[in-house]
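Accompanying notes for the structure given below.
The values are calculated or read from the model by the stated rules, or taken from the named source; none is laboratory data. The structure presented is a predicted model; accordingly, all values stated were derived computationally and were not measured. All Cβ positions, glycine included, derive from the backbone under ideal geometry; neighbour counts span all protein chains shown.
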Amino acid sequence: MSVFSRISGLAVLAAVIALLVPSLASATTVRSGGITLPGPSTSKQIAQILPLAQRELSRNPYERRGDNVPRYRKGKGKVAPYSIGDQWCAAFATWVWNKTGFRAYLGTGILWPSFDGTMVGVQVRDLTNWATKNGYFSYRAKPGYLVAYGTSHIGIVEKIDRVTGKAVGSIEGNIGNRVNRVVVPMDRVTGYISPVRLTAPQLKKSANYADMPVPPAVLDDLNGE
């Protein structure tokens, strides 16, 4: 083959690639929704949430005989700073948020002082209502978001199983009288709460690429139908 032939062949190949690349980029955009949700990959501050939750998990806080006062050293040490002397899953989650600089939840209606004086959320329904009304509610999970299931439990998203689409892993307080890892089936999830407010396009994307059941009426409304 002559040099000219080889150069011509390469030129044709380059032209084909140039035509294909935009198409591939477009296809990727369609699959991802073309909009980035706030998360650890977009914010160093959000990236700090999960390590703090994991650190608390590693410290093995337990309650003494189910007294709702978590203590370190498996219940034999000092009182954990997020203890409120009552059901403490929301207190744990919002304490972690507070210590990593996310304090918008302080706009919720029900706040209590925790053991170290941090004002924390204490009711799942209250947090979910606040998130929905103020733009922090998400239908798609990101590590560091809160995950609520039902009206009685909330945790911090650790990982998302999108291969099978069946579950979300979270770190939660007051599970088995301690901080624990939990696997929540996606069909039980009632909402995710972002540490930062979502824009209208981000909210729409979260619903169109949801990690939980989304009512058809919500999809219609967000998509302008």
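Residues in the range 178-225 that are acidic (Asp, Glu) and touching a residue at least 12 places away in the same chain (Cβ under 8 Å): Asp187, Asp211.
Pairing each residue of the range 106-126 that is farther than 11 Å from Ala90 by Cβ with any residue that is among the acidic types (Asp, Glu), provided the two are 6+ apart or on different chains, yields C-beta distances under 9 Å for Gly109/Asp126. None of Ala131, Ala207 is of a type in the set (Gly, Ala, Ser), within 19 Å of Val120 (Cα to Cα) and either touching a Lys or Arg at 6+ places or on another chain (Cβ under 9 Å) or not in a loop (DSSP other than H, G, I, E, B) (or both) except Ala131.
Filtered by the rule that a residue be surrounded by fewer than 20 Cβ atoms within 10 Å (Cβ to Cβ), charged (D, E, K, R), in contact (Cβ under 8 Å) with a residue 12 or more places away in the chain and within 17 Å of Ile156 (Cα to Cα), the range 34-63 gives a lone residue, Arg59. Listed by position, the helices (runs of 4 or more DSSP H) contained in the range 13-123 that have at least 2 residues being at pLDDT below 95 are 72-75.
Summed over the range 144-166, residues that are surrounded by fewer than 19 Cβ atoms within 10 Å (Cβ to Cβ) and more than 11 Å from the chain's Cα centre (by Cα) total 9. Can you confirm whether Trp130 is under 30 Å from Lys204 (Cβ atoms), at pLDDT 95 or above and within 22 Å of the chain's Cα centre (by Cα)? Here the answer is yes, as Trp130 does meet what is asked.
Can you confirm whether Gly176 is among the small types (Gly, Ala, Ser), loosely packed, with under 15 Cβ neighbours inside 10 Å and under 30 Å from Tyr62 (Cβ atoms)? Judged against the criteria, Gly176 is a match.
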